[in-house]
1. Per residue of B:218-228, count partner chain C-beta atoms within 10 Å of its C-beta, then hand back the mean as an integer.
2. Could you tell me, in Å, what Rg and Dmax come out for the Cα atoms of the range B:16-167?
3. For chain A, just list the percent of Cα-Cα distances falling in each 10 Å bin from zero outward, please.
4. Neighbour counts of other C-beta atoms within 10 Å: give me A:M161, B:M125 arranged from fewest to most.
5. What is the diffusion coefficient of the range B:84-157 in µm²/s, taking the Kirkwood radius over Cα pairs and the Stokes-Einstein relation at 20 °C with a viscosity of 1.002 mPa s?
6. For the range A:133-205, what is one quarter of the convex hull surface built on the Cα atoms, given in nm²?
7. Can you tell me what the convex hull of the Cα atoms of the range A:1-146 projects to on average, as an area in nm²?
8. Calculate the mean, over all residues of peptide B:206-217, of how many other protein chain Cβ atoms lie within 10 angstrom of the residue's Cβ.
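Just so you know, all these numbers are worked out from the coordinates, no wet-lab data involved. As the structure is a prediction and not an experimental result, all values here were calculated from the model. For neighbour counting, all protein chains shown are included, and Cβ atoms are generated from backbone atoms with ideal geometry for every residue, glycine included.
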Amino acid sequence: MIQVSQLSFAYSKKHPVLRNLNFIIEPGEIINILGPNGCGKSTLLKAILGFLPLKRGLVHINGHDVVSLRPQRLARLLSYVPQMHNTPFNYQVLDVVLMGRVFSGPWYKYTREDHDIARDALHRVRLLDLASRPYQHLSGGQRQLVLIARALAQGADYFIMDEPVTGLDYSNQFYLLETIRELSAQGGAQKTGKLIFILTTHHPEHALFLGGRALLIQKGQLLADGPVEAVVTAQGICDLYGIKPQFLDKIINSYGKQYGMAC
Amino acid sequence: MIRHLGVALFAIFGAIMVSLLIGRYGFDFHDLMSLSKALLAGQELTMKQHEILFVLIKIRLPRIVAAMLVGAGLAVSGGAYQAMFLNPLVSPGILGVLSGASFGAALGIVFFRSMIMTQILAFCMGCAAVGLAILLSTLVRRSSLLVMLLGGMISAALFGSLTSLLKFLADPNKELPELVYWLMGSFARVNEETLLWIGLPIVGLIIYLSVQGKVANVLSMGDEEALSLGVAVKRTRLQIILAATLLSALTVILTGIVQWVGLVIPHIMRFVVGPDNRVLLPASAIGGAVFMLGTDAVVRSVSTAELPIGVFTSLVALPLFILSLYVNRRNWK
């Protein structure tokens, strides 16, 4: 369980980014975080990940305070899937996934068990065939899946993803979301508990596709919190992004027409 | 893995053998073999064999050991620096250790005129320059690696100009040439005593850095990722940077300033063994040792005069560097 209570944060005193956030994340949930640019989505993720020196408010994971938890312990509870990125060094895919096991075993090498776990994680995202390929030569969608495999190898229950579909093409976006849904249903690498995905997204339709729960954040505050179907509504989206209902209708209509013709 | 190790041992052994045989005092492989046979059998040595033994132990061996330590040290610390700064174009001098050491040496030569003081000051000022770079980076809140690199640039520029000032002040007949030669790097000053008390820490640091690959890989993904993967980022990164700095500063005591090895060797080895630091760091150490032995062999065979090794490292390394860039060009996207 992740408990966020009275969380406020500011990079500089004049500009608060998060204002008094309160919510609880239960096991087995998919949490979609939506909000306009600069509303504090990414900062919230960083706060949960323990990257930020929190002065006001608390983030507890299974009863532990993230700020005071040692990185090794935290890595077993939380894993982070960063946005698709380039590394300066072109490591092999398997080596990237193995990084998820860095806290386990002796400090200078990975054990056979680590290798098995890494391969199993790659297998679960259906990329085992690419294990010995250079990471940089993969497509964007594949790279994102490798990072998910690395997070799986970490063995944590909570997956924190910052805009996971950014930069992916249309089909890869939904392939990735489908993978997330599958993994969420399957459970953790050790298959003990349920995986919990906490992700930010700019696409309301992705939240609807994934289902679960949605947090709408505006100017650092919670605008709405509830099941996706109840929260990500036309009204909710208009309120969140400050767009006029007519404009939203226009967008939805254009979508509908296209799909209508195709189907 | 085993295959790599075999190749590495073979390369080192070959380089040592070649280095042992090259030099002004001439003897060949047969002399060496008969000498070792005589030694193993406990026979009386001939006059010639005594001479060979003296040359080997007193002159060539210290030089070979020094060349290997300096090459391995600079290369492995360069590799570690590159991983720590997420940048394959970083060399050990990036935080100012070589500029600081140059200034220290200039101080020793101009004001103290003593070899020991020159070595001690070079080491201390090298460390001080890096300390200044890190101190500058802490001035910025939530500072990043980029700020540390900027600190290094400032520190290197500061000590660079101070060195120039001392060059200007130095006596152009005596101190200036000595300083200039020192800055070019040379194995001529290597002797057994220095080797004994510097060799051990150098070997220790080379081994320490060589086995950091697992963590170095993770740290090379950036602070936030490494932290989320379970590494105590700040402490670990600083530890490795300090070890690499200390190692480069120690090599300066042995040979003065040797450029390029720390940048080029990890690059070339990345082409040979791949970017995985678990293999790359030890491979860089071995590659650096072999490269330095080879370069020294070249230096000793082209001229009977003692040529500065620092000049030749760039002359030998640069074509290799360009070659590795060319061969690796597909990976440079």
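1. Mean number of neighbouring Cβ atoms from other chains: 6.
2. 22.3, 71
3. 7, 28, 34, 22, 8, 1, 0
4. Going from sparsest to densest Cβ surroundings: A:M161, B:M125.
5. 170
6. The directionally averaged projection comes out at 5.1 nm².
7. Mean projected area for the range A:1-146: 10.6 nm², to one decimal.
8. Counting other chains' Cβ atoms within 10 Å and averaging over B:206-217 gives 3.
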